[in-house]
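To start, the structure under review is shown below, and the notes come after it.
The values are calculated or read from the model by the stated rules, or taken from the named source; none is laboratory data. Here the structure is a predicted model, which is why all the values come from computation and not from measurement. Backbone-built Cβ (ideal geometry, glycine too); neighbour counts: all protein chains shown. Note: areas computed on protein heavy atoms with side chains; ligands, DNA, RNA excluded. Shrake-Rupley method; radii C 1.70, N 1.55, O 1.52, S 1.80 Å.
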Amino acid sequence: MRAWWEANPTLEGAGTPVSEAFKLGERVFGGLLRGQEP
Amino acid sequence: MTLQIKTALELVDPELEARWTTRRAARETEILQAILRAFVERPDQVLVDEIIRAFPERAPDDVRAALTRLDDDDLIQTRGGRVDLAYPFSATPTPFVVHLSGRGDRYVCCAIDALGVAPMLGESVRIRSRCHHCGEPIELSADPFGPGPDTEGVMVWAGKRCEGEQRAWTST
């Protein structure tokens, strides 16, 4: 990620490990369709 | 300027979360869920007309108005009588693919959306993308409780949210 960021230093944002990114996805989508039949 | 590494709590977008919280509690919830179920169950495009038909007890204009509100809130995108996008899913190809067991591949909008599919459905998924720096294929797993051990060393770039943005993966 560091090499990618050094090639794109003006991009606003931050890096995060997949484990932390999962928590973000879970916060937004967690349980939204769980256990529901189509 | 140095590369910042942040935790999930530091990256939470209060505006985005507020929109989801509002809509999940609102009457549009059943319509949004119907759209998402359609994206889950088949790879075809989701048509506005089929969503209207799925709610025969509601007037078509009422359903159309709900779809407009969901679109205005950036929870879906409708165009030409189709739902092109319903977060986390995209009807058009993106660099992020989630494989649903028994159902096949689905495109999703970004890396974080890809990781949200397993907890959304309560089932394990495989995720494919490419390193945005070197182009190396990235494939990893996630279940409803977290990412698999094959995600060790993989980083996600969480950019400042803007229209059309896609969050990137890198492999180191």
Rounded to a whole %, the carbon-and-sulfur portion of the accessible area of the protein assembly as shown at a 1.4 Å probe is 49
P(r) of chain B over all Cα-Cα pairs, 10 Å bins starting at 0, rounded to whole percent, reads 9, 36, 35, 15, 4, 0
Buried accessible surface, A vs B, both sides, probe 1.4 Å, in Å² to 100, equals 4000
In Å, the Kirkwood estimate of hydrodynamic radius for region B:76-120 over Cα pairs equals 10.8
Each residue of B:33-41 has, on average, a number of other protein chain C-beta atoms within 10 Å of its C-beta equal to 2
If amide H atoms are modeled at 1.01 Å from N in the peptide plane, then the residues at a separation of 5 or more from B:Gln4, or on another chain, having amide H under 5 Å from its own are A:Gly15
FRET efficiency for B:Cys134 and B:Asp84 from the Cβ-Cβ distance with R0 = 25 Å, rounded to 0.05, comes out at 0.25
Sorted on mean Cβ neighbours within 10 Å (highest first), peptides A:10-23, B:58-71 come out as A:10-23, B:58-71
Tilt, helix B:14-25 to longest principal axis of chain B (alpha-carbon atoms), in degrees rounded to tens, equals 40
Each residue of B:2-10 has, on average, a number of other protein chain C-beta atoms within 10 Å of its C-beta equal to 6
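Expressed as cubic angstrom per residue, what is the convex hull volume of the alpha carbon set of the protein assembly as shown?
Convex hull of Cα atoms, per residue: 117 Å³.
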For chain B, longest principal axis from Cα atoms; helix B:29-41 axis from its Cα atoms; angle between them, nearest 10 degrees, is 60
Taking Cα atoms, the helix B:60-72 axis meets the longest principal axis of chain B at an angle in degrees (rounded to 10) of 30
Per the charge dipole of region B:1-128 (beta-carbon charges, Lys/Arg positive, Asp/Glu negative, Cα centre), the residue among B:Tyr107, B:Val46, B:Leu70 reaching farthest to the positive end is B:Tyr107
Which residues qualify? For B:Gly148, with a placed amide H closer than 5 Å and at least 5 residues away or on another chain, they are B:Ser141, B:Ala142, B:Asp143
Inter-chain shielding metric for A:5-12, i.e. average beta-carbon neighbours from other chains within 10 angstrom, reads 4
With only helices counted (DSSP H, runs n ≥ 4, each -39500 (n - 2.57)), the per-residue ellipticity at 222 nm for chain B, to the nearest 500, works out to -10000 deg cm²/dmol
Amide H neighbours of B:Thr78 at under 5 Å, excluding residues fewer than 5 places away on the same chain, with H built from the backbone geometry, are B:Asp84
Whole-percent tail of the Cα-Cα distance distribution for region B:41-117, cut at 21 Å, equals 32
For the B:Val12, B:Phe145 Cβ pair and Förster radius 30 Å, calculated FRET efficiency rounded to 0.05 is 0.90
With label points set 7 Å from each Cα along the Cα-to-Cβ direction at B:Leu47 and A:Asn8, the distance between them in nm comes to 3.8
Semi-axes (Å, rounded, descending) of the ellipsoid equivalent to region B:1-75 per its C-alpha gyration tensor are 32, 15, 10
